[in-house]
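Trainee: The following block contains the structure, expressed as structure tokens.
The values are calculated or read from the model by the stated rules, or taken from the named source; none is laboratory data. Model, not experiment: these values are computed from the prediction. In this analysis, Cβ positions are derived from the backbone assuming ideal geometry, glycine residues included, and neighbour counts consider all displayed protein chains.
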Amino acid sequence: MSAQFEPNIVAFLCNWCSYAGADLAGTSRTHYPPNLNVIRVMCSGRVNPLFVVNALQQGADGVLVSGCHPGDCHYMEGNFHARRRFTLLRELIEYVGVEPGRFNMSWVSASEGAKWKDVVGEVVVKAKEAGPFKQFRRDKINW
Amino acid sequence: MNNKPKIGVYVCHCGINIAKTVDVDAVSEFASRLPNVKVVRNYAYMCSDPGQLLIRDDIDKEGLNRVVVASCSPRMHENTFRKTLAAVGLNPYYLEMANIREQCSWVHEDRDEATAKAKKLIYAAVAKARLLEPLYEKEVDVEPASLIIGAGIAGIQAALDIANAGFKVYLVEKTPSVGGRMSQLDKTFPTLDCSACILTPKMVDVANHPKIELLAYSQVEEIAGYVGNFDVKVRKKARFVDVHKCTGCGICAQECRLTGRIPSEFDMGMGKRAAIYLPFPQAVPAKYTVDPERCLFLTRGKCGKSPKCADACSAGAINFEQQDEIVEFKVGTVIVATGFDPFDPARKPEYGYSDYANVITGLELERLVSASGPTGGAVLLGEGENAVVPKDIAFIKCVGSRDKSVGNEYCSRVCCMYTAKLAHLVQEKVPGANVRIYYMDVRAFGKGFEEFYDRVRREGIRYIRGNPSEIFKRGDKLVVKVEDTLNAAPLEDEVDMVVLAVGLEPRKDAREIIDILRLSQSTDRFYLEAHPKLAPVDTATDGVFLAGCAQGPKDIPDTVAQAKGAASSALVLLSSGKVKIQAQISFVNENTCRGCAYCVEICPYGAIELVAVSRMGNPVQVARVNEALCKGCGACAAACFSGSIQQKSFMDRQILPQIAALGVMR
């Protein structure tokens with residue numbers, strides 16, 4: 001069964017670097033697995049750690065947060081905030097028993113379409129290794 | 001009227017770009033079953049006029065109040081479709097896009113997989129669209145002035161264009177004179193125009209133009225604000241010369257105790273100057289400057305009994321009490337034209353640039369062959385009576401370009417042609433000279449370039465394909481060790497002089513401007529343009545434009561063209577006089593804000609402050625957003641414990657349903 005398992009991954013990409021990098025990967029017609037779905041935010045600093053937990057609750061098997069390279073943030077320091085938050089979050093979710101491969105961070109610039117492809121490939125492999133995620137899953141979504 | 005969402009979903013084929021890998025009919029059928037979706041259509045090109053008309057008609061006739069366009073990246077056409085909505089009176093922020101081209105059809109091959117993913121992305125977009133709220137863009141006035149950083153040919157051209165259109169220009173130059181790298185060149189390829197002859201009139205024009213305020217020997221310290229309203233702080237460095245009194249006669253430099261002892265930057269260290277100096281004879285402004293790092297009086301506090309320059313100056317212009325001055329002004333646009341640095345060949349030790357005096361760079365040879373250069377235009381090696389005229393001369397191309405070992409993968413675009421030009425000039429100046437050029441490829445791509453390349457070969461300059469591995473000394477000759485790769489023959493070529501055609505690199509202090517203006521760099525470390533093809537002079541920061549080699553290596557015609565492009569982009573803002581500012585900014589729910597000020601701390605723009613309000617008769621502190629300063633990054637929204645501060649269009653309650661849509665739909 002795990003051979004056919006296709007993980008469902010939610011990715012949060014900043015508008016200026018990683019989203020543009022992902023667009024460039026498309027413009028350059030690189031190919032990567034379709035398991036990852038993108039939510040665009042203006043800055044990786046906008047991503048509330050609870051979004052990540054929420055994605056895992058809502059049915060994602062893995063989550064990626066990607067922003068500009070540290071120091072190159074369009075908003076000067078948003079990705080520094082993101083880096084701090086998600087370093088802590090990673091420790092937290094490991095502590096509560098979630099496989100570390102389910103949560104990933106990357107820095108992809110607007111000119112790194114090729115790197116984006118590699119990042120997607122890596123995140124998908126990690127999520128496949130971790131397998132389907134059920135621990136946090138809510139039966140019913142309530143808002 | 002907008003109480004109940006009525007959503008229209010528009011699926012674009014993009015010719016076959018999307019339709020080839022995504023089953024648009026299946027996707028449309030799926031979308032029609034989503035909650036609140038009233039209309040679904042697919043069409044060959046949604047961005048075309050008829051495509052946009054479909055959307056406008058449906059808004060009119062079906063009463064749609066939300067629109068989802070599933071097509072290319074929002075970075076491509078979000079603005080297009082926003083205007084479509086606005087054209088029929090629907091708030092443009094009632095639009096959500098699903099990127100099913102760049103991030104779906106183009107990157108996936110399997111039709112079923114791509115179709116499934118497109119459905120998911122559309123589901124998420126619909127989930128968010130239901131909760132969109134109208135936003136209103138504020139218009140602000142544009143300060144009718146422009147700042148141009150760097151007064152090389154790019155900065156000069158841009159300044160003249162903007163000033164001629166009637167707007168104020170502040171032209172800031174770091175060195176004592178305008179002119180930049182172009183002023184160092186002797187001739188320009190491929191026409192062999194005298195560089196000074198075509199540049200000097202423009203330099204004089206910027207100095208005399210009533211609309212241009214030239215701030216030479218100055219540096220930008222700080223730029224705050226946003227498009228239309230930048231607050232600029234410039235440091236005017238002390239020249240220790242009163243520019244209003246200095247007549248530029250030059251007696252001070254003759255009298256200076258260090259005359260002829262300080263390497264001249266303009267002559268690439270080959271000529272010598274005094275501690276008080278004019279960088280070059282045609283310098284603009286033609287005012288002398290004291291070098292604070294060299295002047296005996298400034299470094300040691302003592303220069304004989306009294307500084308000789310001050311004694312000699314009959315105008316009394318020299319003032320050692322002068323201080324740096326901070327100038328502050330407001331501009332609407334900024335053009336960055338900071339230029340390049342030549343590659344330092346010491347980083348390729350195998351070429352012996354640091355070891356042998358007769359290994360020089362192209363720019364150094366440029367000074368040698370220039371009539372205004374240290375030798376008066378004679379190609380001479382060594383000094384005084386020992387000077388010799390080199391007969392056997394080898395050029396090596398691609399030094400510091402197309403070379404991963406030094407981290408420069410790019411082509412510098414000018415070296416092929418400046419090598420051909422210099423080879424021509426050397427052969428003209430040294431009768432009987434034997435010139436050869438070692439090359440990897442010859443890239444003669446511009447107008448008249450191929451013809452010029454052809455011409456110098458006909459003049460007897462030999463092109464030998466091979467990338468030299470080493471240069472060493474044998475007797476008083478230099479040996480270039482190389483393989484002639486067309487004949488597969490190893491060579492040891494004995495020459496008198498080696499000229500390294502060094503490439504172009506970003507300025508060593510490029511980082512300063514990045515920190516001031518928050519620019520990005522591309523992988524080659526030059527400043528990154530907003531789009532490599534469609535926005536080559538824009539940057540990711542609105543109102544900031546690029547011109548010249550700061551954006552990437554280019555020759556003079558391309559630099560001038562880009563400068564004119566940047567000037568016209570700046571003029572679009574300046575002449576319209578109004579600019580819309582970011583609508584997707586943060587706002588605070590003052591009823592739930594507890595005034596912890598985490599958002600105040602985290603905001604990089606200082607756009608949030610605590611204010612005292614009365615909540616049910618109790619005085620409390622709450623956060624408040626300054627809408628003109630907020631750039632809409634949303635960092636505050638992620639930091640808020642109570643969710644009281646939110647970013648418009650990226651509110652928690654808009655993003656969470658997106659997450660749910662992507663998660664639930666497996």
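Residue by residue, here is whether (1) polar (S, T, N, Q); (2) at the interface with chain B (Cβ under 7 Å from one of its Cβ atoms); (3) more than 13 Å from the chain's Cα centre (by Cα) holds:
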| site | (1), (2), (3) |
| --- | --- |
| A:Ile39 | no, yes, no |
| A:Ser44 | yes, no, no |
| A:Gln58 | yes, yes, yes |
| A:Val63 | no, no, no |
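Trainee: Kindly provide the set of residues from the range A:27-50 that are part of a loop (DSSP other than H, G, I, E, B), out of contact with any Phe, Trp or Tyr (no Cβ under 6 Å at 6 or more places or on another chain) and free of Cβ contacts under 8 Å to residues at least 40 places away in the same chain, ordered by number.
Mentor: Listed by number, the residues that qualify are A:Pro34, A:Met42, A:Asn48.
Trainee: While we're here: State all residues of the range B:427-474 that are under 24 Å from B:Pro557 (Cα atoms), touching a helix residue (DSSP H, G or I) at 6+ places or on another chain (Cβ under 7 Å) and part of a helix (DSSP H, G or I); if no residue qualifies, say none.
Mentor: B:Phe449, B:Phe452, B:Tyr453, B:Val456
Trainee: Exactly one of these conditions fails for B:Pro263: (1) under 29 Å from B:Val369 (Cα atoms); (2) buried (at least 17 other Cβ atoms within 10 Å of the Cβ). Give me its number.
Mentor: (2)
Trainee: State all residues of the range B:590-638 that are part of a loop (DSSP other than H, G, I, E, B), within 30 Å of B:Ile516 (Cβ to Cβ) and of a type in the set (A, V, I, L, M, F, W, C); if no residue qualifies, say none.
Mentor: B:Ala597, B:Cys603, B:Ala607, B:Ala628, B:Leu629, B:Cys630, B:Cys633
Trainee: I'd like the full set of residues that are under 24 Å from B:Val140 (Cα atoms) and either among the basic types (Lys, Arg) or away from chain A (no Cβ under 14 Å) (or both), limited to the range B:599-622.
Mentor: B:Glu609 - this is the single residue of the range B:599-622 that is under 24 Å from B:Val140 (Cα atoms) and either among the basic types (Lys, Arg) or away from chain A (no Cβ under 14 Å) (or both).
Trainee: Determine which member of the set B:Leu185, B:Leu215, B:Leu199 is at pLDDT 95 or above, touching an Asp or Glu at 6+ places or on another chain (Cβ under 6 Å) and among the hydrophobic types (A, V, I, L, M, F, W, C).
Mentor: After applying the criteria, what remains is B:Leu185.
Trainee: Something else about it: Which residue out of B:Ala31, B:Ala70, B:Ala87 is surrounded by fewer than 19 Cβ atoms within 10 Å (Cβ to Cβ) and either out of contact with any strand residue (DSSP E or B) (no Cβ under 6 Å at 6 or more places or on another chain) or modelled with pLDDT of 95 or more (or both)?
Mentor: Criteria check complete, one pass: B:Ala87.
Trainee: Going through B:Phe641, B:Phe587, B:Phe650 one at a time, which residue ends up being part of a strand (DSSP E or B) and aromatic (Phe, Trp, Tyr)?
Mentor: Step by step, each of B:Phe641, B:Phe587, B:Phe650 is checked, and only B:Phe587 is part of a strand (DSSP E or B) and aromatic (Phe, Trp, Tyr).
Trainee: On the given criteria, is A:Gly71 more than 12 Å from the chain's Cα centre (by Cα) and at the interface with chain B (Cβ under 7 Å from one of its Cβ atoms)?
Mentor: No.
Trainee: Let me ask you something else. Quick one: how many residues across the range A:57-71 are more than 15 Å from B:Leu656 (Cα to Cα) and either assigned to a loop (DSSP other than H, G, I, E, B) or not hydrophobic (A, V, I, L, M, F, W, C) (or both)?
Mentor: Here the count works out to 8.
Trainee: Can you tell me which residue is nearest to B:Arg347 (Cα to Cα) among those in the range B:401-416 that are surrounded by 24 or more Cβ atoms within 10 Å (Cβ to Cβ) and in contact with a Gly (Cβ under 8 Å, 6 or more places away or on another chain)?
Mentor: B:Ser401
Trainee: Another question, if that's okay. Tell me, which residue of the range B:479-514 that is part of a strand (DSSP E or B) and either of a type in the set (Asp, Glu) or touching a Lys or Arg at 6+ places or on another chain (Cβ under 6 Å) (or both) is surrounded by the most Cβ atoms within 10 Å (Cβ to Cβ)?
Mentor: Filtering the range B:479-514 for residues that are part of a strand (DSSP E or B) and either of a type in the set (Asp, Glu) or touching a Lys or Arg at 6+ places or on another chain (Cβ under 6 Å) (or both), the one surrounded by the most Cβ atoms within 10 Å (Cβ to Cβ) comes out as B:Ala501.
Trainee: Identify, from the list B:Val426, B:Val495, B:Val456, B:Val480, the residue that is over 28 Å from B:Ala547 (Cβ atoms) and touching a Leu at 6+ places or on another chain (Cβ under 6 Å).
Mentor: Going through B:Val426, B:Val495, B:Val456, B:Val480 in turn, the sole match is B:Val495.
Trainee: Of everything in the range B:421-444 that's in contact with a Pro (Cβ under 8 Å, 6 or more places away or on another chain) and over 13 Å from B:Leu363 (Cα atoms), which residue is modelled with the highest pLDDT?
Mentor: If we take residues in the range B:421-444 being in contact with a Pro (Cβ under 8 Å, 6 or more places away or on another chain) and over 13 Å from B:Leu363 (Cα atoms), then B:Tyr438 is modelled with the highest pLDDT.
Trainee: Moving on to the next point. For residues in the range B:570-584 being crowded, with 18+ Cβ neighbours inside 10 Å and part of a strand (DSSP E or B), which is nearest to the other protein chains (Cβ to nearest Cβ)?
Mentor: Checked the range B:570-584; the qualifying residue nearest to the other protein chains (Cβ to nearest Cβ) is B:Ile581.
Trainee: When you go through (1) part of a strand (DSSP E or B); (2) buried (at least 19 other Cβ atoms within 10 Å of the Cβ) one by one for B:Val284, which number turns out not to apply?
Mentor: Evaluating B:Val284 over (1) part of a strand (DSSP E or B); (2) buried (at least 19 other Cβ atoms within 10 Å of the Cβ) leaves (1) as the failure.
Trainee: Now a separate question. Being of a type in the set (Gly, Ala, Ser) and either buried (at least 24 other Cβ atoms within 10 Å of the Cβ) or facing chain B (nearest Cβ under 7 Å) (or both) is the filter here; which residues of the range A:21-37 pass it?
Mentor: If the condition is that a residue be of a type in the set (Gly, Ala, Ser) and either buried (at least 24 other Cβ atoms within 10 Å of the Cβ) or facing chain B (nearest Cβ under 7 Å) (or both), then A:Gly21, A:Ala22, A:Ala25, A:Gly26 are the ones that fit.
Trainee: Same structure again: If you scan the range B:93-137, which residues turn out to be free of Cβ contacts under 8 Å to residues at least 40 places away in the same chain, more than 8 Å from chain A (Cβ to nearest Cβ) and in contact with a Leu (Cβ under 9 Å, 6 or more places away or on another chain)?
Mentor: B:Leu95, B:Glu96, B:Ala98 - these are the residues of the range B:93-137 that are free of Cβ contacts under 8 Å to residues at least 40 places away in the same chain, more than 8 Å from chain A (Cβ to nearest Cβ) and in contact with a Leu (Cβ under 9 Å, 6 or more places away or on another chain).
Trainee: What single numbered condition from (1) part of a loop (DSSP other than H, G, I, E, B); (2) more than 14 Å from the chain's Cα centre (by Cα); (3) at pLDDT below 95 fails to hold for A:Leu24?
Mentor: Only one criterion in (1) part of a loop (DSSP other than H, G, I, E, B); (2) more than 14 Å from the chain's Cα centre (by Cα); (3) at pLDDT below 95 is unmet by A:Leu24, namely (1).
Trainee: Name, by its number, the condition in (1) more than 27 Å from B:Asn208 (Cβ to Cβ); (2) touching a Cys at 6+ places or on another chain (Cβ under 7 Å); (3) part of a loop (DSSP other than H, G, I, E, B) that does not hold for B:Gly304.
Mentor: (2)
Trainee: OK, next. Which count do you get for residues in the range B:144-166 that are under 17 Å from B:Lys330 (Cα atoms) and surrounded by 23 or more Cβ atoms within 10 Å (Cβ to Cβ)?
Mentor: 6
Trainee: Only one residue in B:Glu383, B:Glu364 is buried (at least 16 other Cβ atoms within 10 Å of the Cβ), of a type in the set (D, E, K, R) and under 19 Å from B:Arg273 (Cα atoms). Which one?
Mentor: Matching residue, one of B:Glu383, B:Glu364: B:Glu364.
Trainee: In the list A:Val96, A:Val53, A:Val108, A:Val125, which residue meets the criterion of being touching a residue at least 24 places away in the same chain (Cβ under 8 Å), more than 11 Å from every other protein chain (Cβ to nearest Cβ) and not acidic (Asp, Glu)?
Mentor: After ruling out the rest, the residue left standing is A:Val108.
Trainee: Would you pick out the residues in the range A:4-21 that are part of a helix (DSSP H, G or I) and free of Cβ contacts under 8 Å to residues at least 60 places away in the same chain?
Mentor: Once the filter is applied, which keeps residues that are part of a helix (DSSP H, G or I) and free of Cβ contacts under 8 Å to residues at least 60 places away in the same chain, the range A:4-21 yields only A:Tyr19.
Trainee: Is it true that some residue in the range B:153-163 is part of a loop (DSSP other than H, G, I, E, B), under 27 Å from the mean Cα position of the chain (by Cα) and modelled with pLDDT of 95 or more?
Mentor: Scanning the range B:153-163, I find no residue that is part of a loop (DSSP other than H, G, I, E, B), under 27 Å from the mean Cα position of the chain (by Cα) and modelled with pLDDT of 95 or more, so the answer is no.
Trainee: For the range A:6-20, enumerate the residues that are more than 14 Å from the chain's Cα centre (by Cα) and more than 8 Å from chain B (Cβ to nearest Cβ).
Mentor: Within the range A:6-20, just A:Glu6 meets the criteria.
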